Amino acid sequence: MTETPIIAQKAPFPTVIEGGKAYFWCACGRSQNQPFCDGSHKGTGLSPVRFETPETTRVFFCGCKHSAKAPLCDGSHKAL
């Protein structure tokens, strides 16, 4: 059974990411290293989401864990 993710914050995490580097977005909301995974999801049925882009850029990672465009924010936090 998959648990419902915990809302880490009701706002996105603006983050500069390096091009070509893989990042693992926390999908469970339990990580102490938000918005990235620290392994806290183990046993929840939830898994981190791999994300990378070819160029260094600023992105807005979802903080509420309810985005339909995960791992990026789609504004879903405004309805929570």
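The values are calculated or read from the model by the stated rules, or taken from the named source; none is laboratory data. None of these values were measured; they are calculated from a predicted model. These area figures cover heavy atoms from the full protein model, side chains too; ligands, DNA and RNA do not enter into them. Shrake-Rupley method; radii C 1.70, N 1.55, O 1.52, S 1.80 Å.
See the values below:
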{"read-out": "Cα gyration tensor of the chain - equivalent ellipsoid semi-axes, whole Å, descending", "value": "20, 15, 10"}
{"read-out": "Fraction of accessible area attributable to carbon and sulfur, segment 1-53 (%, probe 1.4 Å)", "value": "53"}
{"read-out": "Hits among lysines - C-alpha to C-alpha of Lys78 under 24 Å, sequence gap 8 or more where chains match", "value": "Lys10, Lys65, Lys69"}
{"read-out": "Accessible area in square angstrom per residue, the chain, 1.4 angstrom probe", "value": "59"}
{"read-out": "Relative contact order (%) - criterion: Cα under 8 Å, at least six apart; region: the chain", "value": "37"}
{"read-out": "Phi-based couplings in Hz for segment 33-43 (Karplus 6.51, -1.76, 1.60; Gly and Pro marked x)", "value": "10, 4, x, 9, 6, 10, x, 5, 6, 3, x"}
{"read-out": "Other-chain or far-sequence residues with amide H under 5 Å of Phe36's (modelled H)", "value": "Cys26"}
